[in-house]
Structure formats: structure tokens, C-alpha cells
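Student: So that we are looking at the same thing, I have put the structure below in C-alpha cells.
The values are calculated or read from the model by the stated rules, or taken from the named source; none is laboratory data. Just so you know, these numbers come straight off a predicted model, no measurement behind them. Every residue, glycine among them, receives a Cβ derived from its backbone with ideal geometry; neighbour counts consider all protein chains shown. Calculation scope for accessible area: heavy atoms of the full protein, side chains included, ligands and nucleic acids excluded. Shrake-Rupley method; radii C 1.70, N 1.55, O 1.52, S 1.80 Å.
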Amino acid sequence: MNIGIVGLGLIGGSLAKAFKTRTGHSVFGSDLNDETMLLARLSGAIDAPLSDENLGQMDLLLIAIRPLAAISWAKEYFKKLKKGACVVDMCGVKRAVQEELEIIASENGVLYVGGHPMAGKERGKFQNATENLYVGASMILTPGKDTTPDTLENLNNLFTDIGFARIVFTTPDEHDRIIAYTSQLAHIASSAYIKSPEALRQRGFSAGSFRDMTRVAFMDEDMWTELFLLNADYLTGQVHLLIENLKEYEQALQNRDKEQLRALLKDGREKKTQAGGN
């Protein structure tokens with residue numbers, strides 16, 4: 001199978017390395033950065049550049065660039081794909097992207113499925129891509145109205161082959177609603193937390209808690225601004241809820257209310273037990 005990957009940053013580069021290492025498929029990649037393309041070739045992550053000449057030979061195309069760029073790319077290049085080719089985007093929001101890409105795919109006889117790999121690092125770019133990034137992770141797929149069971153089965157097998165432990169099927173709306181909490185809110189909370197003046201004086205006083213809370217504050221502000229604004233309705237609700245919850249802790253501390261504070265902490269522990277996860 002010929003697999004094309006648009007965007008060879010952390011996500012796309014890791015996909016390329018995983019497919020080359022773990023499968024026998026041919027991988028073609030493109031990136032706007034010349035150094036990234038050189039590194040991808042030299043490291044063996046791709047067999048050849050993805051180009052206008054070979055785009056029509058791709059059986060599967062993975063789009064691993066920002067949402068608005070993905071929509072622009074689709075408008076320009078979907079017409080060059082062969083009929084029946086499958087396209088999966090890797091964008092962190094689904095409603096805004098899928099609404100556009102489904103239409104463009106249908107107009108060009110292309111099979112489209114929305115996707116979002118639940119894996120990453122705080123530092124992006126190809127230099128940080130790894131063949132093992134997706135091992136044990138979940139892959140979220142949001143089938144379109146024209147998606148066939150055969151397409152989903154093929155994608156399930158492909159993503160499992162490169163290490164994904166679980167394939168989750170959902171709707172674009174449910175994806176965006178839940179991701180506002182599990183990912184986007186965590187980034188906002190981390191960014192706000194690190195702004196305390198004490199952050200500059202914490203050396204020697206911090207351990208795992210500080211590291212865990214601040215890890216994702218190191219983020220690409222351009223990319224995350226785009227993701228946040230494309231999901232602003234759900235994310236605003238989550239930010240509001242977090243603020244309201246924090247006010248309860250603030251009130252208990254101000255009042256030196258031992259029982260209320262203990263109850264809040266107990267409730268949080270129980271909620272974590274119920275939620276599970278890492």
C-alpha cells in the first residue's frame with residue numbers, strides 16, 4: 001500500500017516512522033520545511049517525497065497539519081487523488097475540519113474519515129518524532145456519513161499494526177466536547193498555573209506534582225490558539241466550570257473550614273477513582 005503523509009512534524013513524522021518500522025507499506029511524505037524533508041529522507045522515515053506527480057498513486061493519505069491548513073490543502077489537492085483513496089486527518093478538533101473535508105471528499109470521489117491520535121509530547125517537530133509514539137495509545141476515528149464498514153475495518157487494522165491499543169469510534173461533536181476537557185482545558189490550566197511568581201523560585205522545592213502540572217505549558221501557542229478558538233464553545237464551558245470548582249476550594253481555605261476542605265478533597269479523590277485513567 002502507498003501511504004502519503006502531509007506534514008512531518010511530531011504527529012506526521014511519528015506516523016511515518018511507525019509505518020516504515022512496523023509495516024511493509026511504502027511511505028511518501030511532504031513538509032514545508034526543507035530541513036524536515038531532508039531529515040525524513042536520511043532517517044528512512046519516508047521512501048520518497050509526496051509530490052503532485054505521485055499523489056494520485058496514494059491508497060491512504062494522512063493529513064497531519066493544523067486544521068485551517070488541512071482545509072486549504074484539501075481544497076487544492078483532493079482533486080488530484082485517485083477515486084476511492086482514503087483520507088484521514090489528524091487534527092485536534094473535528095467539527096470544523098470534518099464539515100469541510102467531507103464535502104470536498106465527496107465532490108472528488110475520495111473516502112474521508114476524521115481522526116485524532118491520543119498521543120503526543122510537549123515538544124513538536126520531526127526531531128522529536130518516534131516510531132513508538134503510538135504504542136498503547138488510543139486512536140479516535142469519526143466516520144463520515146459515507147464511510148463504509150470495510151473502510152473502518154481497514155483503518156482499524158492499519159492503526160493497530162503501528163501500535164495503537166484501542167480504536168475509538170465517535171462523532172465529531174462528542175470528540176470536541178470531550179477533548180475540550182481531557183486535553184484543551186489541561187493545557188489552559190497548565191499555562192495559567194506556571195504564571196505564579198513562585199514558579200521562578202521553585203528550584204529545589206519541586207518534584208513530580210510541579211512537573212506534571214507544568215509539562216504541557218510548553219506548547220506551540222500558534223497551534224493551540226487555533227485549536228482553542230475552533231472549539232471555543234465547549235472549551236469556554238469547561239474553563240467556567242473549573243473556575244467555579246476552584247472558588248469552592250478558595251472559600252474553604254479563606255474560612256479555615258476544615259470539614260468543607262476535607263469534603264472537597266475526598267470528592268476529588270473519589271471522582272478520580274471513578275474516572276480511572278493515568
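Student: Please go through the stretch 244-274 and pick out each residue that is open to solvent by 80 Å² or more (accessible area, probe 1.4 Å), over 14 Å from Ile188 (Cβ atoms) and aliphatic (A, V, I, L, M).
Tutor: Leu253, Leu265 - these are the residues of the stretch 244-274 that are open to solvent by 80 Å² or more (accessible area, probe 1.4 Å), over 14 Å from Ile188 (Cβ atoms) and aliphatic (A, V, I, L, M).
Student: Okay, moving on. Among residues belonging to the stretch 214-243 that are open to solvent by 70 Å² or more (accessible area, probe 1.4 Å) and over 19 Å from the mean Cα position of the chain (by Cα), point out the one that is farthest from Ile179 (Cα to Cα).
Tutor: Filtering first and then ranking leaves Ile243.
Student: Here is a follow-up. Which residue out of Leu42, Leu61 is in contact with a Gly (Cβ under 6 Å, 6 or more places away or on another chain) and either farther than 20 Å from Asn128 by Cα or without any contact (Cβ under 8 Å) to a residue 24 or more places away in the chain (or both)?
Tutor: Values: Leu42 fails: in contact with a Gly (Cβ under 6 Å, 6 or more places away or on another chain).
When all the criteria are applied, what remains is Leu61.
Student: Also, quick follow-up: Tally up the residues in the stretch 208-223 that are assigned to a helix (DSSP H, G or I), under 22 Å from Leu10 (Cβ atoms) and out of contact with any His (no Cβ under 8 Å at 6 or more places or on another chain), please.
Tutor: Step one: filter the stretch 208-223 for residues assigned to a helix (DSSP H, G or I), giving 208-217, 221-223.
Subsequent filtering for residues that are under 22 Å from Leu10 (Cβ atoms) retains 211-217, 221-223.
Among the residues that remain, those that are also out of contact with any His (no Cβ under 8 Å at 6 or more places or on another chain) are: 211-215, 221-223.
Residues in the stretch 208-223 being assigned to a helix (DSSP H, G or I), under 22 Å from Leu10 (Cβ atoms) and out of contact with any His (no Cβ under 8 Å at 6 or more places or on another chain): 8 in total.
Student: Next question, about the same structure. Which of the following residues is aliphatic (A, V, I, L, M) and out of contact with any strand residue (DSSP E or B) (no Cβ under 8 Å at 6 or more places or on another chain): Leu60, Leu68?
Tutor: It is Leu68.
Residue-by-condition table, conditions (1) more than 27 Å from Gln184 (Cα to Cα); (2) open to solvent by 40 Å² or more (accessible area, probe 1.4 Å); (3) at pLDDT 95 or above; (4) not aliphatic (A, V, I, L, M):
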| site | (1), (2), (3), (4) |
| --- | --- |
| Lys20 | yes, yes, yes, yes |
| Leu50 | yes, no, yes, no |
| Met58 | yes, no, yes, no |
| Ser72 | no, yes, yes, yes |
| Phe78 | yes, no, yes, yes |
| Leu81 | yes, no, yes, no |
| Ala85 | yes, no, yes, no |
| Ala105 | yes, no, yes, no |
| Asn108 | yes, no, yes, yes |
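Student: Could you tell me which of the residues Val88, Val97 is of a type in the set (A, V, I, L, M, F, W, C), touching a helix residue (DSSP H, G or I) at 6+ places or on another chain (Cβ under 9 Å), within 23 Å of Ile140 (Cβ to Cβ) and part of a strand (DSSP E or B)?
Tutor: Numbers: Val97 fails: part of a strand (DSSP E or B).
Going through Val88, Val97 in turn, the sole match is Val88.
Student: Related question: How about the stretch 20-39: which of its residues are more than 13 Å from Phe126 (Cβ to Cβ) and in contact (Cβ under 8 Å) with a residue 12 or more places away in the chain? Write out each step before concluding.
Tutor: Going residue by residue through the stretch 20-39, those that are more than 13 Å from Phe126 (Cβ to Cβ) are 20-28.
Result: Lys20, Thr21, Arg22, Thr23, His25, Ser26, Val27, Phe28.
Student: Taking the condition of being free of Cβ contacts under 8 Å to residues at least 60 places away in the same chain and closer than 15 Å to Gly144 by Cα, how many residues in the stretch 81-90 meet it? Give the derivation first.
Tutor: Step one: list which residues in the stretch 81-90 are free of Cβ contacts under 8 Å to residues at least 60 places away in the same chain, which gives 81-85, 87, 89.
Retained after the next criterion (residues that are closer than 15 Å to Gly144 by Cα): 84-85, 87, 89.
Within the stretch 81-90, residues that are free of Cβ contacts under 8 Å to residues at least 60 places away in the same chain and closer than 15 Å to Gly144 by Cα number 4.
Student: Glu226 versus (1) part of a helix (DSSP H, G or I); (2) free of Cβ contacts under 8 Å to residues at least 12 places away in the same chain; (3) not aliphatic (A, V, I, L, M): which is the lone unmet condition?
Tutor: That leaves (2) as the condition not met.
Student: Of everything in the stretch 153-197 that's over 17 Å from the mean Cα position of the chain (by Cα), touching a residue at least 60 places away in the same chain (Cβ under 8 Å) and open to solvent by 30 Å² or more (accessible area, probe 1.4 Å), which residue is nearest to Lys94 (Cα to Cα)?
Tutor: Here the answer is Asn154.
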